[in-house]
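Notes follow once the structure below has been shown.
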Amino acid sequence: APAPLPAGGARPAAGPFTAAPGRVWRSRHFRGLVPPALLLVLWWLATTHEWVSPLVLVPFGQLYDAARDPQVFSSLAEGIVSTFSRLLKGYGVGVGVGLLLGIGMGLSHAFDRIMGPSFHAVRQVAILAWIPLLTAWFGTGDLCKIVFVAIAASKPVVMGAFEGVRSTPAQLLEVGRVLGFSRLKMLRWVILPSSAPSIVTALQLSLIYSWFASIGAEYVIGVMSGGIGSVVIGAQEHFRTDIVLLGVTVIAATGVAMNKALRSLPDYLFRWRRARA
């Protein structure tokens, strides 16, 4: 039923912040473009009036020319591919280990008493503090970076899997016992479906942390093995601010795309819940 009219029988006039329902989507996205637009205007003014040195901020024309350079484009493309290769390897290892450890700790109190204290102690170590040990053990090549990413990826997965398993409703467990489920069936049909939202959220956080760790490893550990971070560092050493800005733009755009994809993942995976509602 339509909303009741206010006293006097007339609906209030639409103001600038009360857009019609069909315009809400466009209005919200337009507002989100305001800060980048202001930043670009400030950038243009700073380079046009020479408020800053070209070594700090290059004009748009120079940035455009660098983006059209086939050599620059090739280095950026190869860098992002190399970074994603390490990201996926480290993420896969970290998620696998994290799920096994988190689910095991959630299912078994004895296993939790054995592994829990060690995990929580390791969890308190800042991720960058692992770099001296990892470089001593694995060198500065791909293996070191993959292990670094795996450590970053595993922590949220362990916590998400552990909390998801431990928060399984007692009523569901009781139904499984009444139906005579074995431990394997109980895990497959009761515990894992119940803990899936918590695990999916942990996987989202894990991928974000893995992306940060991948870029950070290339910045800190070394530039010899390639990657988008290595391209940015190499450009900085050669005073190519245009390539640095392009590399940072690629990193930011990739992060935004990953964030949007991750935010839509739960809606896709758990669409059956909306169908039941």
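Note on the range 182-207: residues that are open to solvent by 50 Å² or more (accessible area, probe 1.4 Å) and β-branched (Val, Ile, Thr) amount to 1. Return yes or no: is Ala110 part of a helix (DSSP H, G or I), within 18 Å of Leu205 (Cα to Cα) and among the aliphatic types (A, V, I, L, M)? No: the conditions fail for Ala110. Looking only at residues of the range 43-101 that are assigned to a helix (DSSP H, G or I) and of a type in the set (Asp, Glu), we find that the one that is farthest from Asp142 (Cα to Cα) is Asp65. Output the number of the condition that Met105 fails; it satisfies all remaining conditions of (1) open to solvent by 50 Å² or more (accessible area, probe 1.4 Å); (2) outside any loop (DSSP other than H, G, I, E, B). Checking Met105 against (1) open to solvent by 50 Å² or more (accessible area, probe 1.4 Å); (2) outside any loop (DSSP other than H, G, I, E, B), the one that fails is (1).
Residue pairs whose Cβ atoms lie under 7 Å apart, sitting 6 or more positions apart in sequence or on different chains, and linking a residue in the range 128-144 that is within 16 Å of Ser210 (Cα to Cα) to a partner that is among the charged types (D, E, K, R) and crowded, with 16+ Cβ neighbours inside 10 Å, are Asp142/Arg86.
Quick grid of which residues meet (1) modelled with pLDDT under 50; (2) more than 28 Å from the chain's Cα centre (by Cα); (3) open to solvent by 100 Å² or more (accessible area, probe 1.4 Å); (4) more than 26 Å from Ala253 (Cα to Cα):
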residue	(1), (2), (3), (4)
Ala1	yes, yes, yes, yes
Phe17	yes, yes, yes, yes
Gly22	no, yes, no, yes
Val34	no, no, no, no
Ala46	no, yes, no, no
His49	no, yes, yes, yes
Val72	no, no, no, no
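Being closer than 30 Å to Ser210 by Cβ and at pLDDT below 90 is a description that applies to Arg28.
The values are calculated or read from the model by the stated rules, or taken from the named source; none is laboratory data. Fair warning: this is a prediction, and the values are worked out from it, not measured in the lab. Quick reminder, even Gly has a Cβ in these numbers, built from the backbone with ideal geometry, and neighbours come from all protein chains shown. With ligands, DNA and RNA removed, areas are computed over all heavy atoms of the protein, side chains included. Shrake-Rupley method; radii C 1.70, N 1.55, O 1.52, S 1.80 Å.
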